[in-house]
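> After the structure tokens below, expect a handful of questions from me.
The values are calculated or read from the model by the stated rules, or taken from the named source; none is laboratory data. Everything quoted here is computed from the prediction, not taken from an experiment. For neighbour counting, all protein chains shown are included, and Cβ atoms are generated from backbone atoms with ideal geometry for every residue, glycine included. Calculation scope for accessible area: heavy atoms of the full protein, side chains included, ligands and nucleic acids excluded. Shrake-Rupley method; radii C 1.70, N 1.55, O 1.52, S 1.80 Å.
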Amino acid sequence: MMLIEETAVPSAALPVEAFKAHLRLGTGFSEDTLQEPVLASFLRAAMSAIEARTGKILIERDFSWTLNGWRDETGQALPVAPVSALLDVIFVSRLGVEHPLAAHFYKLEQDMQRPKLAPVAGVLPQVPTGGAVRIGFRAGYGATWDELPADLGQAVLLLAAYYYEYRNESSVGEGYMPFGVSSLIERYRTVRLFAGAGK
């Protein structure tokens, strides 16, 4: 299975000004914009870490997910949430020939934890032997920062500030999540009932 981010978070969607205010950085100086790429990089890193920890996509973008077989032919759970649209479902033969599945054969079952690709009737078509299926979908809370739940937005700012403050610190453990951030994102984490659930 392979999940690919087809579109990136636009720079305009990053809350650089809110992050500056959070850090209490001075304004009105001629070099105000010099730090903006650095601040944006910390925001992107924080968003990526929180998305990885929660399985929730913050700012809307397009993904493609390739797998070699259905986990459940009555409805395949998608790897992230929330999903707003299915873009396409394409079967790929072992020789690499692509066969799109007509949109009237499948539908999106929206869910904030486990959205699904589901058949309109019966079961999902069989994945070609030795081949794969590629699912294109759009995921995220919205296209702009203001559409994020307030607690997730605050968690991003806190984590980005932590990365900023300790940017020169080599002893900070990899994957460490400050307590305040962990508390804010805890309710968004997907509970896995058994190994590999929802994949």
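> How high is the FRET efficiency from V120 to L25, r the C-beta distance, R0 45 Å, rounded to 0.05?
For R0 = 45 Å, the calculated efficiency reads 0.30.
> If you don't mind, another one. Could you give me the percent of Cα pairs per 5 Å distance bin for segment 51-123, shortest bin first, beginning at zero and ending with the bin that holds the maximum distance?
Reading the bins upward from 0: 3, 14, 23, 27, 18, 10, 5, 0.
> Please report, in Å, the Rg and the Dmax of the chain, where both are computed over Cα atoms only.
In Å, with Rg to one decimal and Dmax whole: 19.6, 64.
> Another one. Could you check how much of the accessible area of the chain is carbon and sulfur, as a whole percent, using a 1.4 Å probe?
Roughly 53 percent, rounded to a whole number.
> Residues of segment 118-140 with the amide nitrogen closer than 17 Å to a label point 7 Å from the Cα of T74, along Cα-to-Cβ, please.
Hits in segment 118-140 for T74 at 17 Å: 118-126.
> Here's a follow-up. Explain nothing, just the number: relative contact order of the chain, from Cα pairs under 8 Å at least 6 residues apart, as a whole percent.
27
> Moving on. Taking the 0 to 90 degree range and rounding to the nearest ten, how far is the long axis of helix 150-165 tilted relative to the main principal axis of the chain, both from C-alpha atoms?
Roughly 60 degrees, rounded to the nearest 10.
> Can you say what percent of the DSSP beta bridges in the chain, counting only those with both residues inside, are antiparallel? Round to 5.
Bridges in the chain are about 95 percent antiparallel.
> Can you give the FRET efficiency for T66 and Y176, using 1/(1 + (r/R0)^6), R0 = 30 Å, r = Cβ-Cβ distance, to the nearest 0.05?
Given R0 = 30 Å and the Cβ-Cβ separation, E is 0.45.
> Per-residue ellipticity at 222 nm for the chain, helices alone: DSSP H runs ≥ 4 residues times -39500 (n - 2.57), over residue total, nearest 500 deg cm²/dmol?
Helix contribution divided over all residues of the chain: -8000 deg cm²/dmol.
> Then there's this: Send over a whole-number figure in Å² for the accessible area per residue of the chain, probe 1.4 Å.
Value returned for the chain: 55 Å² of accessible area per residue.
> Between M2 and F105, what is the label-to-label distance in nm when each label sits 7 Å out along the Cα-to-Cβ direction?
So the label points at M2 and F105 sit 2.3 nm apart.
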